[in-house]
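This report refers to the structure that appears directly beneath it.
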C-alpha cells in the first residue's frame, strides 16, 4: 500500500494524521487501526510526512491560514473565515479545482 492510499484509507476510518517535524501523530478511534495498518504506517512514515507537508504548503499557497488549537492545526479559509481540518481544507480545494 502506498502512502497516498494509506492516508486516504485511514482518513475514511476517522483517523487523523499530523506531521510534527520527523514525528507522525496519529489520532484514531479505538480499534480502527489493524496490525497490518500499523505496519504500513511504520513502512510509509517518511512518505506520509512528506505528503502531509505537501498538503500544508498547498493550503498556505492558496491563502488558508493555520492556527494551532489543542495541539492540532486547523485552517482558516480566506474567503469566508471558516475553520477546517487539514483534510477537509484539502478536500474543499480539490472540489473547487474540479468545478472550474
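The values are calculated or read from the model by the stated rules, or taken from the named source; none is laboratory data. A quick note: this is a predicted structure, and the numbers were derived from the prediction, not measured. Reconstructed Cβ throughout: ideal geometry from the backbone, glycine too, with neighbour counts over all protein chains shown.
Structure above, values below:
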{"item": "Residue check for residue 68: surrounded by 10 or more Cβ atoms within 10 Å (Cβ to Cβ) and out of contact with any strand residue (DSSP E or B) (no Cβ under 6 Å at 6 or more places or on another chain)", "result": "no"}
{"item": "Residue in region 42-63 that is without any contact (Cβ under 8 Å) to a residue 24 or more places away in the chain, touching a strand residue (DSSP E or B) at 6+ places or on another chain (Cβ under 7 Å) and crowded, with 17+ Cβ neighbours inside 10 Å present", "result": "no"}
{"item": "Elements of type strands (runs of 3 or more DSSP E) in region 1-78, at least 2 residues being at pLDDT below 90", "result": "16-20, 65-69, 72-76"}
{"item": "Residue list for region 77-92, restricted to those being under 15 Å from the mean Cα position of the chain (by Cα) and free of Cβ contacts under 8 Å to residues at least 40 places away in the same chain", "result": "83, 84, 88, 89, 90, 91, 92"}
{"item": "Hey, residue 24 surrounded by 18 or more Cβ atoms within 10 Å (Cβ to Cβ) and in contact (Cβ under 8 Å) with a residue 12 or more places away in the chain or not", "result": "no"}
